[in-house]
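Below is one structure; the comments refer to it alone.
Every number in this text was worked out from the coordinates using simple rules, so none of it is lab data. Note that this is a predicted model, so its numbers are computed, not measured. Because the Cβ atoms are built from the backbone with ideal geometry, glycine has one as well, and the counts that use them run over all protein chains shown.
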Amino acid sequence: AIYQSLAELRKRVGAQNFQPKKILDVGYGPATGMVALNDLMGNDFQPELKEAVILGHLDMEKKAKIILSRQINEIPQDVLKEEEEQQQQQDDINEEDELVGEVMTKKIKINTKLRDTIPSSRQYDLIILTHQLLKSEERFPIQIDVNLEHYLSMLAPGGHLVIVERGNPLGFETIARARQIMVRPENYPDEHGKIPRPYNRGSSKNYSVEYE
């Protein structure tokens, strides 16, 4: 679902124009948003900053590091150069031999910075939110409003916000409320339909917001 949303966003923006430099992925799983983005953008994708906030169990962070380390665009340039040099050296391990043992995640180096807390002030070109707007049904819709405006304040001018929610009635209502906050059709009574508008509450900045 995340990959499809990102692919649709890139299609609408244009592949040449969709080159986010600072990315934030927030979710409970093993950085699935960043994994999908890396897969979509290809092996040469090397932005300035990639951060993944993992709010689940510590094991999710370990799994995220292992999964991300298998993507070429996550390998730091110095590590990639070192591996190329090592490949020139011969070893005595047969292809039939199976290497078994515990993965030392602390020693794995990747480009994405893994976090367990949500940053507060940095400006991102792309923010991916997976099941993050509503965490308690009793607090609908206030919690959506507060969380959404916090993430919108972290979005750089011209940036994009991708929201992914569960495919159930509550997830639909969450997306609908988020759209209501950002589009604000009630401010344009003379127009028919929900026409996307830049989000600019309390700011003179212009934001480009995509909906999925």
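Would you tally the net charge around D25, using a Cβ to Cβ cut-off of less than 11 Å, leaving D25 out, and scoring K and R as +1, D and E as -1? Write down the numbers at each step before the final one.
Details: positive: K50, K113, R115; negative: E51.
Every neighbour counted, the sum reads +2.
Distance check, please: which entries in K21/K135; K21/K106; K63/K107; K50/K106; K62/K113; K63/K109 exceed 24 angstrom between their Cα atoms?
K21/K135; K21/K106
Please state, to two decimals, what the Cα-based radius of gyration of region 125-189 comes to when divided by 2.2 N^0.38 Å (N = residues).
Working: Rg = 11.9 Å, N = 65, 2.2 N^0.38 = 10.7 Å.
Relative to the rule-of-thumb radius for its length, region 125-189 sits at 1.11.
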